[in-house]
Structures are given as structure tokens and as C-alpha cells.
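**Q** Mind looking over this structure? Questions follow.
Values in this text are rule-based calculations from the coordinates and carry no lab data. No experiment lies behind these values; they were computed from the predicted model shown. Ideal geometry is used to build each Cβ from the backbone, glycine not excepted, and the neighbour counts take in all protein chains shown.
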Amino acid sequence: MSARSFRWTLTVLLIILGLVVGYQSTPWFIETLRRLLPAGAGQPDTPNILDDRRFQLTVRLALTVVGGLVGVILSSEIFRFVLNVQKQIESASTREKIALTVGGTFGVLLTVPFAVLFSRYGLIGIPLTLVVGITFVYLSTVAVLSMKDLRLVLPAVEGEAATEVPKIKILDTNVIIDGRIADICRTGFIEGPIYVPGFVIDELQHIADSADSLRRARGRRGLDILNQMQKERHLEVRTYDDMVDPNEPVDKRLVSLAKSINGVIVTNDFNLNKVAELEGVQVLNVNELANALKPVVLPGEEMRVRIIKEGNQPNQGVGYMDDGTMIVVEGGRDYIDQDVDVLVTSVLQTVAGKMIFASVKAQESETSEWTDRSGLRLPAARVRRRR
């Protein structure tokens, strides 16, 4: 059963339960009013009102509606609690799962005699039974976990390593529009379920409906990327959206959602990355992955680059590697729109990416000497001036 089906089933059952309880509690409610508002004491008409059939029908209807509303509220809270428990169980090791199962079973069995004993005390026995049951389950689970070697109790555990379930990956708006996430998922670098919050889809739809042509194109690209990913790999959508406040900004909701379901945010937004890290949320930054995959360049290496424009400083030229890394070439101004061999002098690594500084490699004709007609040996630079 999916999470959405479970939620709808739970909601319907609790609404029905609330309606039944509200309907059946009418006699008890009227009897309680009768005790609190006895006849006399300046209220001689009170008993007649309580015995009036129309008044009783009104009370029954009101209590039935209230019971249904309480069922709706309880279903939302119980669903959140169940999801949290589910995530904790999924992330638990095999040892912890076995301890919880065995400890819970022993705890329930130990509670049965006390439940029979407390049943003599009527309604008071119910909370007493719950307290004793929870205590026994907790102590039994702790006892199983404290065993130094669980294989003495359950030999099947031998040789089985505790495996950690991959966390849910939550996509933000920017990384979807960027598009590289689809290729990353296709290569299998991201494990576990991928979740797209409903408010992220709503933001993409809002961008796609923008009057600005550029924003509209970005929004439509994001929606196309999602459709492509949905065909290639199943995406979870809108399942956990109720766990965050819908009035908060999108970035804050992403962080809150990741904390609630113990998920990982996948983004290329620098600010969201920093905020999530401050909140203790794990982040997978696509830009950091791209920088990590770029080829390593060391000072002194030779490479060939095309100078496409002037640099900020005099006599500088700027070119780019195939992966987009900027190369600032000293003495490259005279080689704009030309391919030239350069020597790497230094590499600057920043949070925004990598920048390479290089200088034009001296040509063999420029470093060689030239003999003029008079027999004097002159540098190539002087030769060019004489020509």
C-alpha cells in the first residue's frame, strides 16, 4: 500500500469512527448536562429543554459533526507520526529491527496478565495497562539491544551486515530547471527514492506561466525534465507535503521537509546549500559534483586553448576549456580568435568553480637566435623589429 492510499484509508476510517462516537455519545452528553444543570436554582426550564426531542437531535447532529472533524485532525497527526516511525525503522540497522520486533513481542506478552488484572478497575485500568505495556516494550527492546552478541539468540543474524537504507533525495526548483540531474540519475549515481514536493511543481508551473519569455522557457524546461525523469525513473510526488507549513517560503519548506523525513536536498543553489548545512540537513550540490569531475590541471602543464576575448587586465586574453573552466592567459591579447599553446602558471579553486591562469608558451622561432647579414647573432624579437 502506498503512503497516499494509507493516508486516505486512515482518514476515512477515523472520520467514520469520529461520526459514530459523536452520534453514540449524545445520551452521555445530555446526562452530563443534566447533572451539571439541575432543576431549580433559577433555571426551572432546564430539564424541559434537555428532554426536548428537537434539542436532543440538534445535540446529536452537532456531536456527530464534531466527531467527524476530530477524526480528520487525528488522521493528519497520526499519519505524520506513522511516517516518522516508518523512516526511523527504514534507516535502522538489522540488529535494531530485530531488537524492536523481539522486544515488542515480549513486552506485549508480559503486559497481558496486568491487562487482565487492571480490567477490574474499569476505565482507570485502560491508561494503567497502556503505561505498563509501553514500559515493558521499552525495557524488552533495550534488553535485546544490550546483548553483546545477538547471534546467540538469533543465529540467522550471523554474517549479515547492517545495511543502511538510502535516504530520500528531495529535488529543488533550480536543479530541475538546470537539467543535469536527469543525466546524473540516468547514470545511477543517485540511489534511493527521488521526491519532488508539490510546492516545487507549483513553482515550476508559475514560472512556466510567466509573462517573461526567458522565465517561461525555463519553467517549461523544468516541467519537461520532470516528465522525462518520471518516464525513466519513478518519482514520488506530493506524498509528504503536509508535513511542512504551506505559508513558508519554498527554500524553508525544503529544509523543514528534509529534516522531517530525514532526507537529502539535491540542489545547485549556493544559498540554499548553506542554509541547509546550518540546519544540519545533508545536501548534494550538482555544481560541486561537476567541479569534482573536472580534469585536474597542475602548474607547468601545457594545453591548447582558443582566446576569445580580452581580459580585465592589460595584455590578458580569456579562453575556456571544454568543461567551461575559464583560462586567463597573460600575453593572450594579441591572439584573440586564435588557438595558442599555453603553460599553466596557477590554479584558483573557489566555491563558484575553478579558474586557471596561464601564459603564452614561447614559440621556437621566438626563442631561437637569428644571424643577420653582418654575422651578428640577434634575438628573434629584434629580428621582427628589423624586418
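**Q** If you take the beta carbon distance between residue 361 and residue 274 as r and set R0 to 51 Å, what does 1/(1 + (r/R0)^6) give as a FRET efficiency, to the nearest 0.05? Don't skip to the answer; put the middle values down first.
**A** Values: r = 40 Å, r/R0 = 0.78.
According to the calculation, E is roughly 0.80.
**Q** If the chain between residue 337 and residue 224 were fully stretched, how many nm would it gain, using 0.36 nm times the residue separation less the Cα-Cα distance? Each step should come with its number before you reach the end.
**A** Details: separation 113, 0.36 × 113 = 40.68 nm, distance 3.64 nm.
Contour length minus Cα-Cα distance gives 37.0 nm.
**Q** Can you work out the FRET efficiency for the pair residue 101 and residue 252, with r the C-beta to C-beta distance and R0 = 41 Å, to the nearest 0.05? Intermediate values should be presented prior to the final figure.
**A** On the way: r = 37 Å, r/R0 = 0.91.
About 0.65, to the nearest 0.05.
**Q** Using DSSP to define loop residues, name the chymotrypsin sites (Phe, Trp or Tyr not before Pro) in the stretch 183-277 whose beta-carbon has at most 12 other beta-carbon atoms within 10 Å. Intermediate results must be reported in sequence, preceding the final value.
**A** Numbers: sites: 189, 195, 199, 240, 270; in loops: 189, 240.
Qualifying residues, ordered by number: 189.
**Q** Note down the nm distance, to one decimal, between modelled labels 7 Å out along Cα→Cβ at residue 302 and at residue 202.
**A** It is 6.0 nm.
**Q** Would you mind telling me the antiparallel percentage of the DSSP bridges in the stretch 310-358, rounded to 5? Could the numbers behind the result be given before it?
**A** On the way: 12 of 16 bridges.
Beta bridges within the stretch 310-358, antiparallel portion: roughly 75 percent.
**Q** Quick one: Kirkwood hydrodynamic radius for the stretch 169-292, alpha-carbon pairs, angstrom, one decimal? Spell out each step's value before the answer.
**A** Details: mean 1/r = 0.0685 Å⁻¹.
Computed over Cα pairs of the stretch 169-292, the Kirkwood hydrodynamic radius comes out at 14.6 Å.
**Q** Shifting gears a bit: As I understand it, the dipole of the stretch 169-292 uses +1 on the Cβ of Lys and Arg and -1 on the Cβ of Asp and Glu, about the Cα centre. Which of 249, 200, 276 lies farthest toward its positive end?
**A** 200
**Q** Please list, or write none, the lysines whose alpha carbon is within less than 28 Å of the alpha carbon of residue 274, excluding same-chain residues fewer than 8 places away.
**A** 87, 167, 169, 252, 259, 294, 354
**Q** Consider a paramagnetic label point 7 Å from the Cα of residue 8 along Cα→Cβ; state which residues of the stretch 203-245 have an amide N under 19 Å from it.
**A** 235-243
**Q** What percent does the relative contact order of the stretch 169-292 come to when contacts are Cα pairs within less than 8 Å and at least six residues apart?
**A** Relative contact order comes out at 30 percent.
**Q** May I ask you to list the GluC sites (Glu not before Pro) in the stretch 287-351 that are in a DSSP loop and have at most 16 other Cβ atoms within 10 Å of their Cβ?
**A** Details: sites: 288, 301, 302, 310, 330; in loops: 301.
In loop regions of the stretch 287-351 (DSSP not H, G, I, E or B), the sparsely surrounded GluC sites (Glu not before Pro) are 301.
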